[in-house]
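J.: Below you will find the structure I want to go over with you.
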């Protein structure tokens, strides 16, 4: 991993600064919205708008890159991000913020697509898995560092909006001045949602639920904390606790994923997440308990993304793994758009505890569906399963596709290639008959 960092440190430095800016602006808007007097419903729409833009960007950015190239797309989208970040405190109304969040989501998605394709191009077959893991660590470190910046200024002023704009602008310098050559760009043709559901109903339904969970959890965390009366330092700690939990528990859950029935692990993770959310609901202002619950909720939610991808891969032909990534990202995006809106409605009805009511309900729904799927068909043996590859719900289709390719390569190395391809195909056929 140190070799990967040595060869690609400008790219990782740029990504770190990008994530600091993105992490700060999301939480900052949640706090500033309360200061401006925006209702919970208005803030939920504002937060959902990012994921609408992100989903659109993930589908349109590849075509933009093919037309004008990586460098132009990267520079143009970065300039738009910086401009919108500065305009937030000037245009302080829900409609302007919603439009700004759509633009920000679209641009960040395109920036991720570009950066991740560069990362993939700079890695070899031997280092691609390490590069992906390091990329995930840098992403989460950037988000956590962004929360630390939140507590260093006045959210009612302008400085905290200027900081992420500067971070985003500066992030492009190390990337654009060092990354060469411009990588070739191509993506696999995605499988249809109908085909994906036939192959893995739990994978598709789980992705839809997880999209709502992740978007509501991170998009509305600062809104919840503000309405709950937390101090600025407490808000930054609460939001950061979720990212820290996601980083710390990603690899232990991945280790378990390669050694047991993944449906059982999905069930257990969802139940743990539901218990953590219920504990926070019952905390009644106990900040230490809420902080611990945030750590566990984040630690359960983010690894579920890679776990559901790995579980779906168990029923795919090796050649279809990359193609499945586009459909899974799309399903996750649909859930992400709906999540903040639904949790905003619950918070309007039940107050701040509605935030944890939503998380509990979705975690229990995922656990219940996983339990039902366990009764529908037997699990593949551990020897037949594809390897777990860490990737975050915030990743673009490029990173997800790379993760699928890494899993495919690892599966090919772990056993006979003919057997590795035959077993998933048989499982997919069984799923169409009895799943």
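J.: Pick out the one residue from 230, 152 that is outside any helix (DSSP H, G or I), modelled with pLDDT of 90 or more and over 23 Å from the mean Cα position of the chain (by Cα).
T.: On the way: 152 fails: modelled with pLDDT of 90 or more.
Among 230, 152, only 230 is outside any helix (DSSP H, G or I), modelled with pLDDT of 90 or more and over 23 Å from the mean Cα position of the chain (by Cα).
J.: Residue 406: touching a residue at least 12 places away in the same chain (Cβ under 8 Å), under 26 Å from residue 106 (Cβ atoms) and not in a loop (DSSP other than H, G, I, E, B), yes or no?
T.: It is false that residue 406 is touching a residue at least 12 places away in the same chain (Cβ under 8 Å), under 26 Å from residue 106 (Cβ atoms) and not in a loop (DSSP other than H, G, I, E, B).
J.: Still on this structure, please answer the following. May I ask you to verify whether residue 32 is at pLDDT below 90 and assigned to a helix (DSSP H, G or I)?
T.: no
J.: Looking at 256, 249, which is the one that is assigned to a helix (DSSP H, G or I), crowded, with 20+ Cβ neighbours inside 10 Å and modelled with pLDDT under 95?
T.: That would be 249, the only listed residue that is assigned to a helix (DSSP H, G or I), crowded, with 20+ Cβ neighbours inside 10 Å and modelled with pLDDT under 95.
J.: Might you check whether a residue that is without any contact (Cβ under 8 Å) to a residue 24 or more places away in the chain and surrounded by fewer than 24 Cβ atoms within 10 Å (Cβ to Cβ) occurs anywhere in the stretch 130-141?
T.: No: the stretch 130-141 contains no residue that is without any contact (Cβ under 8 Å) to a residue 24 or more places away in the chain and surrounded by fewer than 24 Cβ atoms within 10 Å (Cβ to Cβ).
J.: Regarding the stretch 292-299, can at least one residue be identified that is surrounded by fewer than 19 Cβ atoms within 10 Å (Cβ to Cβ) and within 23 Å of residue 209 (Cβ to Cβ)?
T.: Checked against the condition, which is being surrounded by fewer than 19 Cβ atoms within 10 Å (Cβ to Cβ) and within 23 Å of residue 209 (Cβ to Cβ), the stretch 292-299 yields no hits at all.
J.: Could you run through the stretch 87-100 and say how many residues are part of a helix (DSSP H, G or I), under 18 Å from residue 24 (Cα atoms) and within 25 Å of the chain's Cα centre (by Cα)?
T.: Number of matching residues: 3.
J.: Sticking with this structure for a sec: Exactly one of (1) surrounded by fewer than 17 Cβ atoms within 10 Å (Cβ to Cβ); (2) assigned to a helix (DSSP H, G or I); (3) in contact (Cβ under 8 Å) with a residue 24 or more places away in the chain is unmet by residue 277. Its number?
T.: (1) is the only condition that residue 277 fails.
The values are calculated or read from the model by the stated rules, or taken from the named source; none is laboratory data. Treat the numbers as computed from the prediction; the structure is a model and nothing was measured. Note that each Cβ is placed from the backbone with ideal geometry, even for glycine, and that neighbours are counted across all protein chains shown.
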